[in-house]
Structures are given as C-alpha cells and as structure tokens.
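Student: If you scroll down you'll find the structure; I have some questions about it.
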Amino acid sequence: MHLDACLRRSARRGIASAAVLVTAAAIGVAAPVLMALGALAFLAPPVFALAALPPPDLVTVRDTPNDNGGSLTLTWVRPQCDVADNTDFHGYRIERATLPDGPFTVIADVPRGISDFVDADSIRDGVTYYYRIASRGGIPDSPGRPSIASGPGRATAQWFHRGRVNALLAVIILSGLIIFFIEYAKRGRPIFIRKIAGLDAVDEAVGRATEMGRKILYIPGTSDMDNVMTLAGIAILGRVARMTAQYETPLEIPVSRSLVMVACRETVKEAYLAAGRPDIYNDSMVYYLTDDQFGYAAALEGIMVRDRPAAIFMQGSFYAEALILAETGNSIGAIQIAGTAQASQLPFFVAASDYTLLGEELFVAGAYLSKEPRQLGSLKGQDMGKAIILLLLLVGIIIQTTGLYDFSSLFVVQ
Amino acid sequence: MKRRVPIFLTAFVGIIYVVQFFVPHRPFSGMQDLLNDWVQIIAAFAIWLGVLNLMKVSGDHVYRRASGWPLSAVIIVSFLATSVVGFFFSGGERFQDPGTPFDWIYNSIYNPLSSTMFAMLAFYVASASYRAFRARNREATLLLLAGFLVMLGRVPVGDQLTRFLPEGYRLSNLADWIMNVPNKAGQRAIMIGIALGTVSTSLRLILGIEKGHLGGES
C-alpha cells in the first residue's frame with residue numbers, strides 16, 4: 001500500500017521533472033531566437049512580449065549637478081514597449097555595485113514612463129559606482145535581462161550653483177547700484193525722493209491723537225522677527241515713538257510674538273531716551289497678547305472699540321486679519337495708516353484705511369522718515385534697479401513677441 | 001558694544017544666507033536649515049516671555065480693577081484651566097490625542113471661536129466693498145465697473161445673461177481676462193517693487209545702515 005503510493009508519487013515527480021527539463025531546453029533554444037527578434041523589434045509595431053523584456057538603452061551615470069554631493073543621476077532611453085497603454089510593462093529595476101562585475105544590489109523600482117533617476121541613497125563622495133537597469137513586467141512582477149553595467153559614476157559636491165548665475169548677476173548689479181548711491185549720498189550730493197503720502201501723514205496722525213488727547217495704537221503685524229516686513233514696521237515705530245515722546249501722546253503696542261515684543265520695547269525705550277523723555281516710558285506700553293491669528297485680531301478689535309484710539313498704525317505682515325482690523329478701526333473713526341508687502345491684503349487696506357504704504361513703500365519708510373543720506377542713497381539705488389527691470393521688460397516684450405529668442409528663459413532661477 | 005554685536009551678528013547671518021543660496025557645498029548646504037532650527041528654538045523659549053507678560057499685565061488689570069478687568073480675569077482663568085487640563089488631565093500619552101479633555105477644549109471652544117472671527121470677514125468684506133466701490137471719481141468708477149463684471153462673471157447667471165454672444169466673449173471670459181491681464185499686471189508690478197524693497201532693506205540691515213529694529217536711529 002505504502003509502496004504503491006510511493007511509486008505513484010515518484011512517477012508523478014518523474015513526469016514533472018521531465019516537463020521542467022523539456023521546458024528549460026525549449027527556452028534555451030528559443031531564447032536566442034527571441035532575443036534576436038527583440039533586437040529587430042524597432043521594425044515592428046510596439047508589441048510587448050514578457051519573454052523578451054528589453055533593457056533600456058544608453059544608460060548613463062553622472063554626478064548630480066549643483067548639489068552638495070552624495071548623489072548620482074542616471075538617465076536612459078526608454079525601450080519601445082514603454083508606452084502609456086502597455087499596462088503589462090511596469091517599469092524599471094535599478095541595481096548598483098561598486099565594481100563593474102558586481103555584486104549588484106537592487107536599490108529601487110521605478111514606474112514606467114520615466115527616463116531618469118537620482119540615487120541619493122547612501123552614496124559616498126569619491127567612491128565609484130556602476131549601475132544596471134532592467135525592465136519589469138508581467139504577473140507576478142519580474143525583471144527582464146539587465147542592461148550592461150554603466151559607469152563609473154563618482155559623486156562630488158559643487159562650490160557654485162550654475163543654475164543661479166542669473167540671480168548672482170542680479171544681486172551684484174542691484175547691490176552695486178545701492179552701494180554706489182549710498183556713497184554718492186554720503187558725499188553730500190542732492191538726492192530726490194518722491195513724496196509718499198502715507199509717510200507724510202505720520203505727523204498728521206500723531207498730531208491728531210495729541211490734540212484729541214487719545215492714544216495711538218501701533219500694530220506691528222502677525223509675523224515674527226524673521227520677517228523683513230516686521231523689521232520695516234519696527235523701523236517706523238521708532239519714528240512714531242520719538243514723536244509721541246515729544247508730544248507726550250499715549251502709545252500702545254500690542255504684539256503677537258514674544259520676540260517682537262522685546263524688539264519693540266527696545267525700540268520705544270531708545271526713542272523715548274533719544275527724545276529726552278525716558279521718564280514717561282513704561283514697559284507696559286508694549287505687551288504680548290497671543291500668537292494665535294484670530295485671537296490676536298479679536299483682542300485688537302476689543303481694544304479699538306473700548307479705548308477708541310485716535311490713530312492706528314498697522315505696519316508689517318498681515319494676513320486674513322487685515323480687513324477685520326482695518327474695518328474696525330474705520331468704524332471708530334480713527335485715522336489709519338496701514339502698510340504691508342502682502343500683495344493679497346493690500347486691496348483691503350486700501351479700501352478701509354486712510355493711507356496705505358503699498359509694498360515697497362513699507363520698506364522705504366524707515367529711510368524716508370529718517371532723511372539720513374545713506375538711507376536715501378539706498379532708495380535711489382533701489383529705484384535705479386527698478387528702472388533696469390523696466391528696460392528689461394520692454395526689451396523682453398519686443399524679443400519675445402517677435403519670436404527671436406526665448407528671452408524669459410534667461411530669468412529662470414533653478 | 002550693545003549695538004555692535006547685534007549688527008555684526010545680523011551681517012554675519014545675512015551673508016551666510018546669501019552665500020548658501022549660491023554655494024551648494026558643505027558646510028553652507030545645511031546652514032539655512034540649521035539657522036531656521038535655531039530661530040524656532042529661540043522663539044520657543046521666548047514664548048515664555050510673552051506668556052509671563054500676558055499674565056503680569058492681566059493680573060495687574062485685575063488687581064487695579066482697571067477698565068475691562070473682568071476680561072483680564074477671563075484670560076487668566078482660561079490660560080490656567082487649559083494648562084492644567086493639558087498637563088494633568090490628558091488621559092493619554094499625548095495631550096493632543098483625540099478624546100482627551102484638552103482635545104475637547106480645542107475642538108469645542110477654541111475652534112468655534114476662531115471660526116467665528118474668520119467668518120466675520122464676510123461682513124467686513126461687504127462693508128469695505130460698499131465704501132470702495134462708490135463711484136466718487138474716475139478711478140473708483142473703474143474699480144466699481146471691474147468689480148461688478150468680475151463678480152457677475154464668476155456666477156452662472158453672468159453667462160446666462162450673455163449667452164447671445166459667441167463662446168469666448170461671454171461674461172465669464174471677460175472676468176477671466178480682467179483677472180489674468182490687467183489685475184495680474186498690477187500685481188506683478190507690486191511684486192517687483194516688493195522684491196526690490198526686500199533686497200534693499202536686507203542690504204541696509206547687513207551693512208548696518210538700518211538700525212531701527214535695534215532701537216536706534218536708522
């Protein structure tokens with residue numbers, strides 16, 4: 001009984017083994033033929049055959065440009081079977097080795113339709129790497145014959161980002177102009193700066209609050225000290241504080257960031273000292289409310305409605321709270337001077353405030369109010385930069401419209 | 001000394017930021033992330049300054065029975081209650097986990113209050129638009145006309161009113177043109193000005209010409 005069963009199992013195993021051998025032999029004979037047919041595949045329509053998954057052509061390995069090392073970039077030419085409607089073709093298997101003969105290890109499977117890959121996985125600078133790429137397909141997903149080893153590729157770090165030459169040129173030209181005009185102004189040459197109504201109105205706003213005997217509310221925005229708009233807003237605060245010190249006008253500065261509170265306190269204290277009135281300075285003039293955007297807006301609304309300040313300054317970076325604050329200030333009849341470089345909030349300030357510093361006017365405010373020659377010189381340099389950009393725009397319009405050259409490509413920064 | 005050290009630090013960090021943009025090589029490659037982390041750490045510590053100041057100012061209001069002192073009392077009670085619940089009654093490993101009492105405070109009190117403030121914007125937009133769109137002069141009339149066409153072009157009735165016109169010339173297309181051509185041109189002009197202003201201000205800070213943020217005369 002047991003013997004019969006064993007014999008039957010042995011017979012089945014024998015048949016199975018014979019089948020495997022015959023299949024292997026058939027594949028052995030057929031493979032070269034199929035491979036030859038694969039080589040001629042470019043003559044036929046892109047018919048995909050799992051048995052002959054052709055590897056990608058022209059596999060190249062190079063150091064990834066403009067990086068800090070630790071990365072190599074592979075590119076290849078996709079085989080004909082890598083077409084959008086061929087769902088049997090799955091993609092590519094990428095293998096890596098430090099020697100041309102291997103051993104190769106699989107580092108990534110990438111989907112079909114792409115022809116490059118950045119390998120940043122444990123790549124050491126200065127070490128040579130070789131790559132093989134095989135096409136993947138079928139069910140279950142399996143790789144075909146890999147390409148021949150490509151390489152060597154060696155990763156290095158670059159000392160200059162070549163995709164940013166245009167930005168460097170712009171920085172050099174603009175900085176050069178600004179520094180030139182600073183020096184120009186330092187020598188006492190006259191510099192004309194156009195009138196900015198919003199900044200000329202600072203005196204009016206402080207004067208009005210003084211006459212009415214009501215306080216001035218100064219809001220330096222909702223961003224922290226790492227935002228250049230906040231710095232510009234604090235520069236204006238210095239000027240306002242000096243005037244309030246002279247006229248003994250109450251000044252209140254509720255802030256939404258702790259670091260801004262410290263900076264504002266220092267600015268106001270220095271301004272009161274410079275005005276010869278350190279006696280009327282008090283730390284409680286500058287106080288913290290909350291970091292939360294709408295919590296801050298709600299608190300400011302409450303202060304405006306309860307205390308009814310005569311003048312409100314909103315100088316810095318504002319988001320959705322801009323209109324809430326400006327409309328509340330408008331409703332209590334306060335004179336409002338707003339300023340921000342958040343382009344999306346400017347229309348709200350324009351609609352609800354008496355004066356608005358539009359974008360760049362916020363940044364020039366400190367210089368404009370100080371009338372200090374070096375600062376005014378920097379404004380002149382900035383204006384010259386604007387003139388150059390205007391000229392480039394006109395040239396660009398002509399060249400781009402006539403189709404002579406893709407002028408806009410010169411301004412793409414990687 | 002009090003002024004020079006911050007100016008030196010500003011210049012040093014500012015130059016590093018500029019250099020790291022053009023030099024991908026180490027150590028500059030990781031400088032931006034490193035300095036940004038430092039800013040976060042300093043800001044995290046500094047928040048205690050703000051919190052202590054808020055408690056001091058509010059406590060002072062309550063003590064002196066200053067105008068609106070009950071609101072200050074609400075601030076102190078809310079702050080203490082939220083902190084105590086967050087620290088001692090989390091009921092889980094993390095106080096932000098769903099289902100904790102802190103999470104309930106966040107979702108049932110904080111979020112509705114924030115949403116209420118945000119929702120009030122709709123009314124403020126209406127009142128500001130009413131004022132801005134009054135045809136007082138030529139510019140305001142143009143603004144009114146552009147606003148009217150854009151608003152009408154953004155709703156289905158706009159196209160219905162102009163369906164006798166060929167495709168491409170209806171109100172929705174006109175609204176798109178106003179937004180994409182004159183509006184965008186204006187926005188870009190402002191953006192160019194802002195970019196130049198930012199560069200100029202940064203340069204003044206790096207060179208130590210602008211000192212207003214350090215409490216000094218610019």
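The values are calculated or read from the model by the stated rules, or taken from the named source; none is laboratory data. Please read these numbers as outputs of a predicted model, since none were measured by experiment. Note that each Cβ is placed from the backbone with ideal geometry, even for glycine, and that neighbours are counted across all protein chains shown. Just the protein is used for accessible areas: all its heavy atoms, side chains included, with ligands, DNA and RNA removed. Shrake-Rupley method; radii C 1.70, N 1.55, O 1.52, S 1.80 Å.
Student: Loop only per DSSP, at most 13 neighbouring Cβ atoms within 10 Å: give me the trypsin sites (Lys or Arg not before Pro) in the range A:171-275, ordered by residue number.
Tutor: Those satisfying the criteria are A:Arg187, A:Arg194, A:Lys195.
Student: Oh, and also: Looking only at other chains, what is the average number of their beta-carbon atoms within 10 angstrom of each beta-carbon in B:31-39?
Tutor: Whole-number average of other-chain Cβ neighbours for B:31-39 is 1.
Student: Pairs of Cα atoms under 8 Å, at least six residues apart: use those to get the relative contact order of the range B:1-84, whole percent.
Tutor: Normalised by residue count, the contact order of the range B:1-84 is 14 percent.
Student: Here is a follow-up. If we restrict to alpha carbons, what Rg and Dmax does the range A:170-284 come to, in Å?
Tutor: When restricted to Cα atoms, the range A:170-284 yields Rg and Dmax of 16.8, 50 Å.
Student: A further question on this structure: Along each of the three principal axes of the Cα atoms of the range B:1-84, give the extent in whole Å, ordering the values from largest to smallest.
Tutor: 59, 33, 16
Student: Using only alpha carbon pairs under 8 Å that are at least six residues apart, calculate the relative contact order of chain B and give it in whole percent.
Tutor: 18
Student: Which log10 I(q)/I(0) values, to two decimals, does the range B:133-207 give at q = 0.12, 0.13, 0.27 Å⁻¹ under the Debye formula with one point per Cα?
Tutor: Log10 of I(q)/I(0), two decimals: -0.51, -0.56, -1.11.
Student: Could you work out the Rg to Rh ratio of the range A:197-363, with Rh taken as the Kirkwood radius (inverse of the mean 1/r over all Cα pairs)?
Tutor: On the Cα set of the range A:197-363, Rg over Rh gives 0.92.
Student: Return the carbon/sulfur percentage of the accessible area of the protein assembly as shown, one whole number, probe 1.4 Å, all protein chains in place.
Tutor: 66
Student: Can I ask one more? What nm value, rounded to one decimal, do you get for the distance between A:Phe411 and A:Phe192 when each label is placed 7 Å out toward the C-beta?
Tutor: 2.7
Student: Can you give the log10 of the normalised intensity I(q)/I(0) at q = 0.09, 0.12, 0.15 Å⁻¹, computed with Debye over equal Cα scatterers of chain A?
Tutor: -0.79, -1.00, -1.24
Student: Enumerate the whole-percent occupancy of each 10 Å bin, from 0 to the last occupied one, for all C-alpha pair distances of the range A:50-153.
Tutor: Binned Cα distances yield the sequence 16, 49, 27, 7, 0.
Student: Right, something else. Averaged across orientations, what area in nm² does the convex hull of the alpha carbons in the range B:89-132 project?
Tutor: Mean projected area for the range B:89-132: 3.5 nm², to one decimal.
Student: Across every pair of different alpha-carbon atoms, what Kirkwood hydrodynamic radius in Å does the range A:116-178 reach?
Tutor: 16.0
Student: While we're looking at this one, here's another question. Note down, for chain B, the three equivalent ellipsoid semi-axes (square root of 5 times each alpha carbon gyration tensor eigenvalue), biggest first, whole angstrom.
Tutor: Computed over chain B, the values are 43, 34, 22 Å.
Student: Further question: Scanning chain A for helices, which whole DSSP H stretches are 20 Å or more long along the axis (Cα) and average 0.5 or more by Kyte-Doolittle?
Tutor: Those that pass (Cα extent of 20 Å or more, hydropathy at least 0.5) are A:2-39, A:165-186, A:228-247, A:258-274, A:373-402.
Student: Could I ask something else about it? Give me the three principal axis extents of the range A:316-373 from the C-alpha atoms, as integers in angstrom, largest value leading.
Tutor: The principal-axis extents, from largest down, are 39, 24, 13 Å.
Student: Checking an interface number: how much accessible area is buried between B and A, summed over both chains, with a 1.4 Å probe, in Å² rounded to 100?
Tutor: Counting protein atoms only, the buried area is about 5600 Å².
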